[in-house]
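The values are calculated or read from the model by the stated rules, or taken from the named source; none is laboratory data. Given the structure is predicted, the values throughout are model-derived calculations rather than measurements. Cβ: placed from backbone, ideal geometry, glycine included. Neighbour counts: every protein chain shown. Surface accessibility is based on the protein's heavy atoms, side chains included, excluding ligands, DNA and RNA. Shrake-Rupley method; radii C 1.70, N 1.55, O 1.52, S 1.80 Å.
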Amino acid sequence: MIAPMHIHVSTVDVPAAKRSRAVAYLVVSFVASTLAAPLFAATFQASPDLRAKADAWVLDQFATKSSVPLIVQLPEQADLSRAAEIADKTERGRFVYETLRKHADASQGELRRWLSERGVTHRPFWIANMVLVQADAATADALSKRSDVKRLSANPTVQLQRPADDVSTTTLRKAAEATNATAAAETGVTRIRANELWALGFTGQNIVIGGQDTGYQWDHPALKGKYRGWNGATANHNYNWHDAIHTGGGPLCGANAIAPCDDGSHGTHTMGTMVGDDGAGNQIGVAPGAKWIGCRNMDQGNGTPATYAECFQWFIAPTDLAGNNPDPSKAPHVINNSWGCPVSEGCTNVNVLKTVVENVQAAGILVVVSAGNAGSRCSSVDDPAAIYDASFTVAATYGVSSTDLLAGFSSRGPVTVDGSGRMKPDIAAPGKDVRSSVPTSGYDLKSGTSMAGPHVAGAAALLMSAYPSLKGNPDAIKRALKRTAVRRTDTANCGSPLTTVPNNAYGWGRIDVKAAYDGAPGATLNVDQSTPTQRYDGGTDGLLIARYLAGFTGSALIGDALSVNAAITDATEVIARLNAILPALDIDGDGQVRFATDGLLVLRYLLGLRGDSLVGDAVANGAARSSAPDIAAYIELLMP
């Protein structure tokens, strides 16, 4: 028998003129490997080292295939702790990009050389310290024995998950309804009160929203004027579009598309909810004044951890169409992610994208992720990237109708797949029968948490346009939207007391972007702006807040109530600071800010009181927040 032919081509730093030949070689290698699979399956047996370091999916694939795509995770990740100290978003993003790039180049060098010398196809990443490798069993086994390899993670092809009632299109009735222009803002847009911010002059101007999805019809009438690559006369897709699909791609878009293209309609629909407005009555977007850029992470609805990571990497430092000259100053402010990577489809290492998402947030970019459509069972938020603490995870409500009830398909927490018990989702938004843009230049109704997430991304854009200080501070945006959300409890909160907010059904509730605008976004209880060692203190901040709400001014306000390292020491400046955060001091949510309730609650909490000692005789009758857990959770949002 003639041995099967294996042709390995390294695509690292291959000149553009040679890429097409490299792709051809890869196709030959893939075909040869596939033909050899039956013989290989009969002989494969994983070594102890390989079993210890490889995901179950990787081992399963080797049982039937001679070549498997896997993600080589290296042991040490870059230290980005300084990023949080950088206030300017562009500088923060540049620091993260340069730090990640330098760390990857330094730590991956020996591994890259080893792969290249052996002719192994690989693609290095810097968004996290990892390398995508097309490995045969011998290569995988050799990798498992290397000290600079921590894990051989799965890179499965994952199909976009939709709710059971949203297979491809809605009913004929809904389709007919969807084609009619509404001549008004869509119900989901008004439900979260985005139109009220428009009336104040805040439409998302000077904000860039990123989306990674099935792609986008960039010249859709509702999207074209919002695309950053369109100047009103010509299109420039450099730095505004990236295609992470390098082989296949289907008949509509192909691979390495040089202009935005959508072969699944899902992406165009999500972007419409974020920014869409055709100027002729189709006011489908939450932030119509924002600009958008996009990355295709799915091939006809099928993505991989590597394509998801590639899009995230591009967003930190967008490049030209050739993949060169990365520029962090062109990064978006928020990214919408209406996709998941379920364990059932091979994402057996649920932390495969954890560092990736954390590093995107470190760059000052808000990562919005749909919770998933596996509800209503508890702990159904179980897919990357929805499970991560750094992700702002969004549930879906029936918010376009007359109710804010949780949609039956919306996934719920707590997160158990990683053993964390983390409460998820974080927030909720309209996600049922959402009308938005679809190819080709049409409109349709879709349902899913995929439709809820874009409402949140758009809301974040509105807040940043109104409060530019929030740019590059994703944690502050999250806190603002959480503490001003419309409180929602559920009949089965999956481990949370039924009256408690946040909970594992709605998170903090359904977003209300006007309330977030009114609620002093960015407010903290660090009144005198002291250093981190004395940032929140009952004898200083708590006393200042209580005295202020009791009507004290001047020296009576600040006397013996300032930290030794306070940055604000003048009574006038302290009052100005307290006035700025006043809307956030409605601790019990009764619509008023008073000493006998809110002031006492803050003071007690900062002095260490909890339970009944915290809330006893300090909560107004009929207040929205009355239990000790509710009060404590709210106060903690003011203590970043």
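Just a few scattered comments:
- Mean separation of Cα contacts under 8 Å, 6 or more apart, over the residue count of segment 381-458: relative contact order %: 32
- The angle between the Cα long axis of helix 305-316 and the longest principal axis of the Cα atoms of the chain comes to about 60 degrees, rounded to the nearest 10.
- Accessible area per residue for the chain is 38 Å², calculated with a 1.4 Å probe on protein heavy atoms, without ligands, DNA or RNA.
- Among the listed pairs 53/330; 330/432; 226/471; 65/145, those beyond 26 Å (Cα-Cα): 53/330; 330/432
- Gained length - residue 247 relative to residue 377, 0.36 nm times residue gap less alpha-carbon distance: 43.1 nm
- Length available on full extension from residue 147 to residue 280: 0.36 nm per residue minus the Cα-Cα distance, which gives 41.8 nm.
- Mean residue ellipticity (222 nm) of the chain, computed from DSSP H runs ≥ 4 via -39,500 (n - 2.57), nearest 500: -9500 deg cm²/dmol
- Extreme residue, positive dipole direction of segment 497-640, given options 522, 571, 536 (C-beta unit charges): 522
- Mean Cα-pair separation over length for the chain, i.e. relative contact order, pairs under 8 Å, 6 or more apart, %: 12
- Theoretical FRET efficiency, 1/(1+(r/R0)^6), r = Cβ-Cβ of residue 499 and residue 550, R0 30 Å, to 0.05: 0.50
- Across 89/478; 354/446; 102/478, pairs whose alpha-carbon gap is larger than 23 Å: 354/446; 102/478
- Carbon and sulfur %, accessible surface of the chain computed with the full protein complex present, 1.4 Å: 52
- Extended-chain gain in nm, criterion 0.36 nm per residue less alpha-carbon gap, residue 84 and residue 157: 22.8 nm
- Paramagnetic reach from residue 469 (point 7 Å along Cα→Cβ, amide N under 14 Å) across segment 54-91: 87-88
- Restricting attention to the chain, close to 50% of DSSP beta bridges with both partner residues there are antiparallel.
- Short-range pairs are left out: with C-alpha atoms under 8 Å and at least six residues apart, the relative contact order of segment 521-640 is 29 percent.
- Here each label is just a point 7 Å from Cα along the line to Cβ, and for residue 325 and residue 105 those points are 1.9 nm apart.
- Charge tally for residue 561 (other residues, Cβ to Cβ under 14 Å; Lys, Arg +1; Asp, Glu -1): -4.
- About the centre of its Cα atoms, segment 431-485 shows a dipole size close to 240 debye [charges on the beta carbon of Lys, Arg (+1) and Asp, Glu (-1) only; nearest 20 debye].
- Span from the segment 317-365 Cα centroid across to the segment 237-252 one, whole angstrom: 16
- Förster radius 60 Å - calculated FRET efficiency between residue 259 and residue 610 (Cβ-Cβ, nearest 0.05): 0.55
- Per-pair calculated FRET efficiency, R0 = 35 Å: residue 236 and residue 49 via Cβ, rounded to 0.05: 0.10
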